[in-house]
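Contents: one structure, followed by commentary.
The values are calculated or read from the model by the stated rules, or taken from the named source; none is laboratory data. Note that the structure is predicted; figures quoted are calculated from it, not measured. Heads up, the Cβs are rebuilt from the backbone with ideal geometry, glycines too, and the neighbour counts pull from every protein chain shown.
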């Protein structure tokens with residue numbers, strides 16, 4: 001069975017949260033605020049809170065992934081060749097780049113705004129804090145560019161399988177819950193083979209990256225030869241769940 005790596009990321013996020021919490025407390029208690037203590041404490045607190053949110057997100061994803069991998073009522077379980085998996089991974093890489101760019105624009109923009117306010121209105125201490133925040137923004141920019149490359153490398157080396165269940169998808173080692181705090185599945189559609197592109201089952205998601213800011217993205221799951229009819233049924237059995245347009249597939253009768 002495929003390994004559920006989401007638990008590892010959950011534990012790593014909690015460990016990182018602990019480190020930044022200690023740094024925040026130390027900076028606030030033992031470093032002079034004007035000399036940079038406030039800046040270190042602020043960024044550490046921001047990262048600690050972010051770490052808690054990320055850990056909670058991975059905890060939910062890990063639970064969903066466990067339920068999918070252990071589900072006796074899978075809608076589909078497909079295994080791909082190396083070439084099929086590589087082509088799909090590169091398509092997902094391009095989509096991941098776009099999502100990361102959108103998230104950086106939101107978070108980085110907020111940090112730059114806070115940095116400018118501190119540098120203009122908070123005197124000498126504000127200059128230090130602002131410079132620190134700008135440096136952290138540069139760090140986030142680098143991460144936003146490196147993360148997709150790491151994700152691509154992980155996808156290329158992951159198990160070449162797709163699991164489709166009633167509550168989410170596990171594809172190339174990554175899990176996509178149909179309903180979570182920061183993401184929801186909006187629609188599913190089956191597209192027949194066109195030219196060299198294989199038949200695909202497309203799940204459309206919306207990711208929330210800020211207040212009233214949404215980033216749509218699609219997960220394209222290649223449909224193996226002979227499985228087109230099943231893929232069509234999975235797409236056809238997606239129904240509108242509630243007024244928020246959350247769509248979930250119904251298990252086959």
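Entry remark, region 184-201: residues being surrounded by 15 or more Cβ atoms within 10 Å (Cβ to Cβ) and closer than 14 Å to residue 224 by Cα number 6 in total.
Tell me yes or no: at least one residue of region 44-67 is over 14 Å from the mean Cα position of the chain (by Cα), outside any helix (DSSP H, G or I) and at pLDDT 85 or above. There is no residue in region 44-67 that is over 14 Å from the mean Cα position of the chain (by Cα), outside any helix (DSSP H, G or I) and at pLDDT 85 or above. Scan region 22-30 and tell me whether some residue there is over 30 Å from residue 233 (Cα atoms), surrounded by 15 or more Cβ atoms within 10 Å (Cβ to Cβ) and modelled with pLDDT under 85. Checked region 22-30: at least one residue is over 30 Å from residue 233 (Cα atoms), surrounded by 15 or more Cβ atoms within 10 Å (Cβ to Cβ) and modelled with pLDDT under 85.
Would you be able to tell me the number of residues in region 4-34 that are in contact with a helix residue (DSSP H, G or I) (Cβ under 7 Å, 6 or more places away or on another chain) and in contact (Cβ under 8 Å) with a residue 40 or more places away in the chain? Number satisfying all stated conditions: 9.
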